[in-house]
Amino acid sequence: MEVVRVQAIATTISNKIDTIPFEFIRPVTEQPALTTFTGPVPEIPTIDLSDPNTDNLVHTIAKISSEWGLFQVVNHGVPVDVIKRLQSVGKEFFELPQEEKEVYARPPNAMSLEGYGTKLQKEVAGKKAWVDYLFHNVWPPSHVNYKFWPKNPSSYREANEEYAQCLREVVDKLLVLLSLGLGLEGNVMREAFGGDDLEYLLKINYYPPCPRPDLALGVAPHTDMSALTILVPNEVPGLQVFKDDHWFDAKYIPNALIVHIGDQVEILSNGKYKSVYHRAIVNKDRVRISWPVFCSPPQDMVVGPLPQLVNEENPAKYKTKKYKDYEYCKLNKLPQ
């Protein structure tokens with residue numbers, strides 16, 4: 001059965017005002033026009049990763065990870081031109097003719113998430129998100145399958161490998177700071193997630209213009225099942241964060257990286273750090289693209305609350321299980 005891509009739907013209805021297929025219309029409890037907070041919006045915290053005061057960085061990141069589960073980082077060490085090249089080749093891929101993109105389609109019933117696609121998770125009542133995507137692993141080398149990496153544009157591989165190398169340094173630094181924020185040695189969290197075997201899965205989210213952005217969502221509300229997610233946005237805003245019972249817009253900061261605390265960090269910290277509940281909205285006139293990289297333990301890695309953080313006064317709040325079992329339950333909306 002041929003899958004109709006959202007990009008193709010957007011192209012065919014772009015001249016029909018106020019029309020989107022029924023399956024993209026969210027319930028009233030999720031429609032952005034009815035649920036986005038319109039008062040004074042608290043600014044999502046921004047952290048200067050070049051701050052020489054490590055104690056200050058540790059305290060600030062721990063506090064924000066407990067209260068928000070999300071922050072933006074500047075002066076992170078990833079060169080601006082590396083980010084620009086990542087964005088350029090990803091955008092070029094989605095501008096290719098449809099048949100060229102379909103070469104990289106995720107195989108039906110594949111166990112891996114890798115490949116080009118449209119619908120990912122099960123959704124209640126058959127609703128769909130206004131997004132197409134491309135998934136592929138970028139680290140470790142043993143997990144990279146180049147058949148899912150576009151050959152056009154020709155610089156796609158080089159741009160993605162360069163970004164992945166730079167990003168690993170940022171992730172390692174963040175994991176050290178998060179460990180220290182729990183009162184632990186700096187290497188504890190990284191080792192608990194597999195050390196050098198920590199897996200980096202890149203996703204490009206492509207959100208075409210949508211005639212009814214008030215009714216649709218690019219990504220439904222969720223937390224990430226990863227340990228950390230590091231996201232590069234383009235200049236079109238769309239990320240929203242749920243905090244204090246409201247949906248808030250995330251401000252766009254050029255060349256910043258957006259850091260999401262994921263489920264595995266929440267589990268490992270036994271709930272001290274919070275996995276951020278978030279969603280993506282879409283734009284009526286402009287294409288929004290984002291590049292999240294999901295940093296996750298190896299599939300067979302067993303993850304649970306760190307023993308150092310569990311005692312009689314603070315018992316384990318989460319089950320200990322293999323990451324692949326957690327992932328399966330999350331994608332299929334099964335209880336953990």
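The residues of the range 242-273 that are part of a strand (DSSP E or B) and either at positive phi or within 14 Å of the chain's Cα centre (by Cα) (or both), listed by number, are LEU257, ILE258, VAL259, HIS260, ILE261.
In the range 126-182, the residue that is most open to solvent (accessible area, probe 1.4 Å) out of those that are without any contact (Cβ under 8 Å) to a residue 40 or more places away in the chain and among the aliphatic types (A, V, I, L, M) is VAL176.
In the set (1) closer than 18 Å to LEU228 by Cα; (2) in contact (Cβ under 8 Å) with a residue 40 or more places away in the chain; (3) exposed (fewer than 15 other Cβ atoms within 10 Å of the Cβ), VAL302 fails one condition alone, (2). Number of residues in the range 318-336 that are in a loop (DSSP other than H, G, I, E, B) and either surrounded by 15 or more Cβ atoms within 10 Å (Cβ to Cβ) or in contact with a helix residue (DSSP H, G or I) (Cβ under 6 Å, 6 or more places away or on another chain) (or both): the value is 2.
Yes or no: TYR277 open to solvent by 50 Å² or more (accessible area, probe 1.4 Å), in contact (Cβ under 8 Å) with a residue 40 or more places away in the chain and of a type in the set (Ser, Thr, Tyr)? Yes. All of (1) at pLDDT 95 or above; (2) more than 11 Å from the chain's Cα centre (by Cα); (3) open to solvent by less than 40 Å² (accessible area, probe 1.4 Å) hold for SER290 with one exception: (2).
Entry remark, the range 189-240: residues being part of a helix (DSSP H, G or I) and either open to solvent by 30 Å² or more (accessible area, probe 1.4 Å) or of a type in the set (Gly, Ala, Ser) (or both) number 6 in total. With among the aliphatic types (A, V, I, L, M) and closer than 28 Å to ARG279 by Cβ as the only criterion, which of LEU178, LEU184 stands out? Criteria check complete, one pass: LEU178. Go through (1) over 24 Å from VAL171 (Cα atoms); (2) in contact (Cβ under 8 Å) with a residue 12 or more places away in the chain and name the single condition ALA110 misses. Tallying (1) over 24 Å from VAL171 (Cα atoms); (2) in contact (Cβ under 8 Å) with a residue 12 or more places away in the chain, ALA110 fails exactly one: (2).
Residue pairs whose Cβ atoms lie under 7 Å apart, sitting 6 or more positions apart in sequence or on different chains, and linking a residue in the range 223-247 that is over 29 Å from TYR323 (Cα atoms) to a partner that is among the hydroxyl-bearing types (Ser, Thr, Tyr) and part of a loop (DSSP other than H, G, I, E, B), are GLU235/TYR252; PRO237/TYR252. The single condition from (1) assigned to a strand (DSSP E or B); (2) open to solvent by 70 Å² or more (accessible area, probe 1.4 Å) that ASP81 fails is (1). Contact annotation: residue pairs with Cβ atoms under 6 Å, 6 or more positions apart or on different chains, pairing a residue in the range 72-98 that is at positive phi and without any contact (Cβ under 8 Å) to a residue 60 or more places away in the chain with a partner that is of a type in the set (Gly, Ala, Ser) and surrounded by fewer than 15 Cβ atoms within 10 Å (Cβ to Cβ), are ASN75/SER50. From the list THR36, THR29, THR118, pick out the single residue that is of a type in the set (S, T, N, Q), over 25 Å from LEU201 (Cα atoms) and in contact (Cβ under 8 Å) with a residue 12 or more places away in the chain. Exactly one of THR36, THR29, THR118 is of a type in the set (S, T, N, Q), over 25 Å from LEU201 (Cα atoms) and in contact (Cβ under 8 Å) with a residue 12 or more places away in the chain, namely THR36.
The values are calculated or read from the model by the stated rules, or taken from the named source; none is laboratory data. Please read all numbers here as calculations on a predicted model, not as lab measurements. Here Cβ is always computed from backbone atoms with ideal geometry, including for glycine, and neighbour counts include all displayed protein chains. Side chains included, ligands, DNA and RNA excluded: accessible areas come from the protein's heavy atoms. Shrake-Rupley method; radii C 1.70, N 1.55, O 1.52, S 1.80 Å.
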